[in-house]
Structure formats: C-alpha cells, structure tokens
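Peer 1: Quick one: the structure is below, and I'll ask about it shortly.
The values are calculated or read from the model by the stated rules, or taken from the named source; none is laboratory data. The structure presented is a predicted model; accordingly, all values stated were derived computationally and were not measured. Cβ placement follows ideal geometry from the backbone for every residue including glycine, while neighbour counts extend to all protein chains displayed.
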Amino acid sequence: MTVPARTQSATITSSQIADFNRDGAILLHNVLDDRWVQVLAEGLEFANAHPDGMSAGVSMPLRIDQFPASHSPKLKQLLDNSPIAEIVGSMLNAPVRFYMDQMFYKPAGLIAPSAWHQDTCYYNVDGHQLIRAWVCADPVPRNISLEVLRGSHLWNVTYRPPVGMDPKSDPTGAARLNERFDRGETLIGKEAFEKWTYFDSFLDPSLPVLPDIEQSRDSFDILGWDYQPGDVILFHGNIVHSALGGVELPHPRRSHASLWAGPDVNYLKRRSQSIPDPKALYDHDPQNGQSLSDFPDIFPIAWAPPTNH
Ligand SMILES: O=C(O)CCC(=O)C(=O)O
C-alpha cells in the first residue's frame with residue numbers, strides 16, 4: 001500500500017476551539033481518511049507483534065506500549081505525515097512538538113477497562129499547551145470509548161498516578177528513590193527502555209489521591225462519544241479520563257495516543273514520573289524549567305500556524 005503524502009485536515013472552527021478550551025476534550029469527525037486508518041491499523045499490529053522493553057501487560061488482556069512509533073514504521077508515518085499534528089497545532093493556534101506516544105491494544109472478546117487517571121503526572125513535562133490525540137483503528141461504542149471529566153483540565157490539581165510501588169510496602173526502596181530525587185536525579189532512567197513496568201516508580205504520597213469516580217459516576221460531569229475510525233479525540237494533558245470495559249466485542253479495540261506540546265511546555269522532574277523521558281533526552285541532562293524548544297533535535301516543530309506576511 002502506498003503511504004499517503006502529508007495530507008491536509010479539515011479546518012478547526014472557532015466554536016470547536018471554544019468547546020475544547022471549556023470542556024478539555026473534543027471528538028473531531030473524519031479527520032483521517034481510510035488510507036490513514038489502514039496505516040494506523042498496520043502500525044498497531046506491527047507494534048503488537050514486536051513487543052519491546054516498553055511493552056507492558058496490564059489487567060485482563062491489555063497491552064500498553066510506550067513510544068511504539070519509535071519502532072513501528074507505520075506509526076511513525078502517521079505521526080509525521082497525517083493531519084494529527086496540524087489539528088493539534090490548529091487547536092492551540094501555536095507551533096507543536098511531538099513528545100511521546102502510546103498504544104492500548106485490547107484484543108477481541110471481553111474488553112479491558114482503562115482506569116481513571118490524569119496523564120501529566122506520569123511525565124516530566126509541565127504546561128497548559130499539552131494535548132493528546134487519541135485515535136483507534138476500530139469502531140468503539142460509547143460504553144467502552146474514552147471518557148473524560150468535563151472541565152477537569154482546569155482544576156489546577158496534579159493527582160497521584162494510580163500506579164507504582166507503595167512506599168508503605170517498601171519503605172527502604174521508597175527512601176532510596178526519595179534521596180535520589182532530592183539530589184535532582186531523574187527517577188526512571190534510560191535503562192527503563194530495556195525492561196519497564198508501571199511499578200518502577202513509587203506512589204507519590206505528597207500528591208492527592210483521585211476521587212473514586214466509578215463509585216459515584218452520577219456526581220461527575222462525564223463526557224464521552226461513540227467513536228468511528230477516522231475520528232480523532234483531542235484531550236488536554238491535565239484532564240482526568242478513563243475508558244470502561246466489561247463489554248464483549250467481536251473485534252479488537254486498538255487505540256493509539258500521541259502527546260503534543262505547545263510553546264509553554266517545560267521540563268519538570270516529578271517524583272510521580274512513571275513513564276521514561278524520550279530516550280534521546282537523557283543525553284542532554286534536562287533541567288527543571290527548560291523549554292522543550294531547547295532540544296530542537298529531539299523535539300522539532302511538527303507543525304506551525306501559517307504566518308501572514
Ligand atoms: O484507550 C484507552 O483505553 C485509554 C487511553 C488513555 O488512557 C490515554 O490515552 O491516556
């Protein structure tokens with residue numbers, strides 16, 4: 001199959017921008033044409049068939065891979081040439097840089113849930129101009145699709161990631177990690193790329209615990225959508241989100257999420273970091289407060305708004 005050249009997306013309207021800024025998430029219909037959906041499906045199948053040190057089996061049959069585009073050529077093409085960077089940049093009306101991506105592969109059968117969480121706390125980046133682009137190679141009914149707590153991107157809170165070693169069960173290990181963090185070290189190192197788990201970090205006791213959203217869903221303003229391949233869900237890096245499971249599907253639910261950064265995004269070492277920094281960044285010894293634009297070779301501008309001369 002020939003890979004589509006860089007393609008133009010549908011225009012983002014001012015009312016879609018207003019909706020995104022208010023709700024923190026939006027579904028955009030038909031952004032990727034059939035050829036891109038095919039590239040996405042092939043890219044995810046390749047990543048699934050070629051696990052690496054960053055592939056993790058999570059509850060029920062669910063594979064989550066970090067940085068899958070680093071070894072799946074079709075996923076790299078999707079990031080480099082599909083309209084995704086453009087729609088993210090248009091939503092921010094700013095230049096955007098690719099930060100990292102993930103695969104969530106849920107095979108046919110009883111579909112696994114994805115727990116409520118906020119993404120920012122997992123990464124060593126901080127800023128308001130952080131957008132995730134979520135796409136799926138398969139149709140996803142509303143009851144197992146991505147859902148978000150509307151407006152929670154503006155709550156100004158960083159929750160504790162619901163993963164990691166509990167300091168109570170390994171106080172010595174946690175104290176060691178604490179000392180390293182206080183010395184300014186990055187807790188998850190380059191070696192994580194060889195063999196990584198969600199439990200290499202430790203639960204940061206200084207961060208608040210997420211409310212039990214599933215126990216009281218009616219108390220929250222939950223936004224979600226029926227999803228068709230070709231649609232793109234954009235959501236803010238700080239928004240609280242999840243996906244329900246427990247529904248039988250005759251086909252897999254294969255999703256891919258990429259994280260994009262605008263100009264206000266800076267490096268920030270977090271005690272709650274669970275996901276490694278992009279591998280090449282380790283060689284630069286990034287310091288708190290440094291802009292991603294300080295590392296243009298690792299984070300080149302993927303898309304910028306046209307300038308009017
Ligand atoms: O696709 C899913 O089930 C979860 C996606 C997600 O949590 C994410 O992209 O951060």
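Peer 1: For residues that are within 10 Å of the ligand (Cβ to nearest atom) and among the β-branched types (V, I, T), tally how many sit in segment 201-258.
Peer 2: 2
Peer 1: Taking R160 as the residue in question, decide whether it is in contact with a Pro (Cβ under 8 Å, 6 or more places away or on another chain) and among the basic types (K, R).
Peer 2: Considered against the rule, which asks whether it is in contact with a Pro (Cβ under 8 Å, 6 or more places away or on another chain) and among the basic types (K, R), R160 comes out as yes.
Peer 1: Another question, then. So which of A85, A112 is modelled with pLDDT of 95 or more, in contact with a Lys or Arg (Cβ under 8 Å, 6 or more places away or on another chain) and crowded, with 19+ Cβ neighbours inside 10 Å?
Peer 2: A112
Peer 1: Select from segment 280-309 the residues that are free of Cβ contacts under 8 Å to residues at least 60 places away in the same chain, out of contact with any strand residue (DSSP E or B) (no Cβ under 9 Å at 6 or more places or on another chain) and outside any loop (DSSP other than H, G, I, E, B) and list them in ascending order.
Peer 2: A280, D283, H284
A quick yes/no check of all residues on (1) under 23 Å from T11 (Cα atoms); (2) surrounded by fewer than 22 Cβ atoms within 10 Å (Cβ to Cβ); (3) within 14 Å of the ligand (Cβ to nearest atom):
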site: M54; (1), (2), (3): no, no, no
site: G57; (1), (2), (3): no, yes, no
site: D65; (1), (2), (3): no, no, yes
site: H71; (1), (2), (3): no, yes, no
site: D80; (1), (2), (3): yes, yes, no
site: V96; (1), (2), (3): yes, no, no
site: P107; (1), (2), (3): no, yes, yes
site: N143; (1), (2), (3): no, yes, yes
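Peer 1: Taking D218 as the residue in question, decide whether it is of a type in the set (D, E) and in contact with a helix residue (DSSP H, G or I) (Cβ under 6 Å, 6 or more places away or on another chain).
Peer 2: Against the criterion (of a type in the set (D, E) and in contact with a helix residue (DSSP H, G or I) (Cβ under 6 Å, 6 or more places away or on another chain)), D218 does not qualify.
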